[in-house]
Structure formats: structure tokens, C-alpha cells
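Written below as C-alpha cells is the structure these notes are about.
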Amino acid sequence: MKKLHKIQQVTGKLFMLGVFAVGLCFTSCSEEDIIDLQPFNQISETVAFSTPEKVELSVIGMYRAAQLGYYENPPGSGLFGYRGYPFGAAFVQQGDNRGEDVINIFAFYAITYQTTYNPTTLNNVYYWLDTYRLINTINIVLEGVQIAADNSVISQEKANEYKGEALLLRAAAYNELLFHFARPYKHTADGSHLGVPYHKRSFTTQEAIDEGFATGRHTVAECYAWILEDLELAEQYLPLKSQRTGNFKVSRGTKGAAAAYKARVHQHMWNMPGVITEASKFFGSGIYAGHYALGAEPWTVFANNYGSDEYLFGMESSATNYPSVNGALASQYKRRFLVAHSPINWRNPFWLADDKRRDPVQMVFTNSGNIFTNKYRDDVGYTDLSPMMRFAEVVLNLAEAYARQGDVTNGLTYLNMVRNRALADPETQAYTASSFADNIELLEAILNERRIELAMEGRRWPDIHRLQACPHFPINGIPGKLANGYTDPANYDLSLGPYTGPYPLAPIPYTDHRFVWPIPQLEINSNPTLAAQQNPGW
């Protein structure tokens, strides 16, 4: 075995710290076992990409790395489990619990919810480690499929398709890291503040590892430019959803998913014309018009799951892929009652009392007087899709972009497209042009509609992150929250009007260092370049 620096011995397994953490290891020809998260120096690329079947399995393994990450608890114990970083269940729960629209009930995500993390907090540490492990796996696949094409193992067309899948995942992974470990795009006028290290080559040689340790954090602007570059190529290379079959229609990359991600990225860059360009591809004469549709009811997408026309992209889940109760959405949100709706959003005045998204059977259920989501239903087989992109978000992104541009007509049209299907009586309850004095009032309704429609899907923190810079409805830091644990059921009483407090967990201002997560101490200890670039205050 090749001797390498910066390696830590952990219970008989060698793990590269930080960005040099993982490669591919083939142990059988089954889809379940083909790739495990193992040290890069156990890789045999000549085997991994030597036949079309093994190339395909390596790509499937890349998705598995996206939904399953190692999680050692306690550190050094050798007790490894799966938590679902970066795109299994856990990214949804982190995105929710960093915000104020849920209540964390037990201790499972209390550190995230209460903002008491530090550079050694396991959830934060493994969010970083597992995401960079995924990125290294992606980069290995990008290089390997091209080698396979050069050796005529697969066609160049097929290699490009695989590259598209890898590039989509890489863009999504870096975007996720920026939400948590960097200040938002508009923190500086030109995005020149520190983002995260953006690596485009795999770490499978000593030369590459040395280069990686010398590479520090790129700027946020650089990261976003490369994310868009990855997504542009992904959209070019990927097939349409209609060219996929079965669960792969939503659980593997498509052109539509890449375009939708571009709209999201432009939104976080405050490039509203870019949002409109990408999201408009799904409407009218757009190239993806007719490929996706909102469900007839607000719960249709969750009931149909992989068969829904509303899902653009998500991680396929099963009892096999989530071998413990710590990895599945229905386990966390339903069976174990870990995360509930908060009265802060439940009593949102923009959320009508008879809105179908309050349906006590299809959309929510009650335990100990607290209200929980029923979006994730299979608490036995754990087959619920882990949502990464829904068509409803694309529609709302477009509505917001038009509203910010002063276009009330189009903003209203796309807002109503999502909201009307949830109304008890659209004829009398739908918004009209007279509902708003101007585009700013319309914008307020759209931002609140996002909180209602996308609740319990991990989207609240990314919105809090970007809305720090909103000129009309800015959020200063992390909003105040209810206390961890079950709340008094009376707090859900809609007749009391909007929830106005108390907030046992006080707001944390944007200037506070806790707004961003620290780079993990493991990384700081092993990488002197990043040690000098730790987020201030940590």
C-alpha cells in the first residue's frame, strides 16, 4: 500500500481527512455492494472502468455515495453508521433545523437547532467530510468514464451522459457546502469573500494530494461560476426525463434537473434575469415545457413519489440504502417524531385555515398535540424519495424573479399556479391583481408561499441564507425559535393569529460567527492552508 501523508488511522481503516477522503472500491457485481466509501489507495481504476457493466455500477455507486455517508459516533470508537450526508435524509433535516419553521423535538438535531455547534460537532464535521468524499468520488468517475471511452469500453456519447450525472451532483454538492460553510453571495458586492475549496480532479496520486493540501478556499464568486459551468455541461450531456425509465426518471440526472438547479443558483446570486431564463424553459414554448407538472392535489407528489411528474430530482431510498432508522425521512419525521411544524409557520397569516396543505390525513398528523408532516410516508420500507428539486420550487423561483423585476402579471400567474391547487375554493380565495398594491406586496406573498409549500423539505435555511441581502424583506441572521422539545398544543391555535412569541431561542444576528459553520477541526488539524482560513470567530 502506498505511503501517504496526512492519513489518520481509524479503527483499522485508513481515511484521508477532508477533501482526500474517499474513492471507489468494488467488492462484488451487485448494485448494492459495488461501491463502498473506502480509501482512495484501494482503488483499481483499471478494474472499475474496464467493462460497460462496471462503468455503469461505478456511476450508480456515485449516487450511493451521495445518499450515504459514514458517521462515526463516538469518534475513534469504530462504530460507523449511515446518516445520509450530503443528499440522503440528513440534508433535509439540517436545512429545516437551522431555520425557525420547525421544532426539533428530541436531542437528535438539538445542536443544529439551538446553534450550539463547534468545530468538533459530529453533524457538521461529517457534513463536510462526506460531501468532499462524494466530490472526490465524482471526480474519479469523471476521469474514469473518459478513460473508458478512450479505450472504447463505452461510447463517447455514453461517457458524456455519465459526465452529466457527475457534474450535476458536483454542482449540487458545492452549492450545499456554500449554504453552510460560507457567507451568502451578496456578503460582498462581488462575491470576493471566502467560499470553499473547489476541486476538479481526483485525489488518487501523491501529486494530486500535495496539490490539494496547497489549495485553499476559493471565493464565493469563483465557486458559483464553476457551479454554473458544471451545470451548463450537465444540461448539455444529460438525457431528458422521458428518456429515462422507472425510478431513474427522478433519481438520476436529467436535462430538466440541471436547468432547474441553474435557476436556483442564479437566485442565490441575485441574478433574476438568469432565474427567468432557466425557469422559463419549463413553460410555454420552452424546451422542457410539458415534461413536468404540478400534481392535482398538494399531496399528489408525495403519494406518487417516484412516479410523480412534479419531481425533477431526488435520491432514491430504500430499507437497503438506509440500513438504520437514522437515515430515512419517514423514520425521522414520522415514526420517531423528531421534527414538528413550528407554530411560527403554522400560524403564518398567508396560510389560510382551510388550505389543503393542512389536511390532517394527507399532509399532517398530530402527536402529543404537536403537528408533524406526512410528506414522508413509508416508515417501514423507507422508500420515500429524498427531495432535491421539485417543480413547485421552479414555479415559485420564477414567480419571485418576476416580482423582483416589477412584473406583477407574471409573478402573480406563477404564484397562483402553486397556491391555487391547495385552496379550498380557488374561485374566491385565489389572489388577483387587486390583492396587492405593488410588486413588493406580491413578493411578500411569494416568499411566504415558499415557507408553506416547501415546509419540511430542507429549503428554509437556503432561503434564510440568501435573504440576508433582500432589499425589501431582509432576514437578520438566524430567526428566533421555540424551545427544543414538544410545545404547548395551544400554540397551534389558528384563532390566535400570527405567532408573536415568546422565542426561548433568541435570534442570532448575521454578524455573529455562528451564522456559518466552522471548518471541522479534523480538517484544520491536517490542512495548514485551511487552518489559516477558518471562518472568523471559530
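The aspartates and glutamates whose alpha-carbon is closer than 18 Å to the alpha-carbon of LYS163, local same-chain residues fewer than 8 away aside, are GLU45, GLU53, GLU56, GLU143, ASP150, GLU229, ASP230, GLU232, GLU235. Note on VAL47/ALA303: beta-carbon distance plugged into 1/(1 + (r/R0)^6) with R0 of 51 Å gives a FRET efficiency of 0.75. For segment 86-97, the Karplus equation 6.51 cos²θ - 1.76 cosθ + 1.60, evaluated at θ = phi - 60°, returns couplings of x, 10, x, 5, 5, 5, 5, 5, 5, x, 6, 6 Hz by residue, with Gly and Pro reported as x. When both segment 96-134 and segment 472-538 are represented by their alpha-carbon centers, they are found 10 Å apart. Inter-label distance, ASP512 to ALA424: 3.9 nm, where each label sits 7 Å from its Cα along the C-beta direction. Using the average count of surrounding beta-carbon atoms within 10 Å as a protection proxy, the listed peptides 97-106, 195-204, 439-448 rank, highest first, as 97-106, 195-204, 439-448. Between ARG244 and PHE106, full extension at 0.36 nm per residue minus the direct alpha carbon distance yields a gain of 45.7 nm. For segment 237-366, the square roots a ≥ b ≥ c of the C-alpha gyration tensor eigenvalues yield an a/c of 1.5 or more together with a/b not exceeding b/c, which makes the shape oblate.
Sorting the segments 269-278, 337-346 by their mean number of nearby beta carbons within 10 angstrom, highest to lowest, gives 337-346, 269-278. Post the alpha-carbon centroid distance, segment 188-209 to segment 421-437, in whole angstrom. Segment 188-209 and segment 421-437 have Cα centres separated by 47 Å.
Figure legend: label point modelled 7 angstrom from the Cα of PHE337 along Cα→Cβ; residues of segment 468-510 with amide N under 18 Å from it are 483-493. For segment 318-350, backbone nitrogen atoms closer than 19 Å to the point 7 Å from ASP488 Cα along Cα-to-C-beta are found at 341-348. Counting neighbouring beta carbons within 10 Å and listing from fewest to most, the residues GLU297, GLU229 come out as GLU229, GLU297. With helices as the sole contributors, the chain gives -12000 deg cm²/dmol at 222 nm; each DSSP H run of n ≥ 4 counts as -39500 (n - 2.57), and the sum is divided by every residue.
How much net charge surrounds GLY246 when only the other residues with a Cβ under 11 Å from the Cβ of GLY246 are counted, with Lys and Arg +1 and Asp and Glu -1?
+2
Per-residue packing, averaged as other Cβ atoms within 10 Å, sorts the ranges 455-463, 495-503, 365-373 into the order 455-463, 365-373, 495-503, beginning with the highest. Segment ILE287..THR120, full-extension length gain: 55.5 nm, with 0.36 nm per residue of separation and the alpha-carbon distance subtracted. Placing R0 at 41 angstrom, the Cβ-Cβ distance between ALA433 and SER368 gives a FRET efficiency of 0.40 after rounding to 0.05.
Any read-out appearing in this document is the output of simple, stated calculations on the displayed coordinates, not a laboratory observation. Quick caveat: nothing in here was measured; it's all calculated off a predicted structure. Don't worry about glycine lacking a Cβ; one is built from the backbone with ideal geometry, like all the others, and counts go over all protein chains shown.
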